[in-house]
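Derivation of every value follows stated rules applied to the coordinates shown; laboratory data play no part. Bear in mind the structure is a predicted one, so any value in this text is a computation, not a measurement. Every residue, glycine among them, receives a Cβ derived from its backbone with ideal geometry; neighbour counts consider all protein chains shown.
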């Protein structure tokens with residue numbers, strides 16, 4: 001379950017992402033995206049919580065990354081190539 005704090009982040013926009021199964025098969029879909037900058041104790045640099053929501057999946061994908069994710073464009077480039085959102089096979 002995703003905590004209320006993650007679930008309630010304001011949506012920044014939409015991107016096309018690819019959700020992959022553990023078998024390596026993927027399918028593009030439209031994801032609503034949100035993010036929040038966070039500072040963890042002992043870290044000098046911020047981290048970003050990036051949230052990707054799709055109507056076809058009950059739970060969003062949540063990524064903790066060092067890659068800046070303040071804009072829709074940055075949320076679409078957290079990974080090289082298609083955004084690898086994983087789901088159960």
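Mean 1/r over all different Cα pairs, inverted: what Kirkwood radius does the range 4-87 give, in Å? Every distinct Cα pair counted, the radius reaches 13.2 Å. Distance between the pseudo-spin-label points of residue 66 and residue 39 (7 Å out from Cα toward the beta carbon): 1.8 nm.
For the ranges 41-49, 7-15, what's the packing order if you count other beta-carbon atoms within 10 Å of each residue, average per peptide, and put the highest first? Please report the intermediate quantities before stating the final value.
Details: 41-49: 10.7, 7-15: 13.7.
Most protected by this proxy first, the peptides run 7-15, 41-49.
Listing 64, 75 from fewest to most neighbouring C-beta atoms within 10 Å gives 64, 75.
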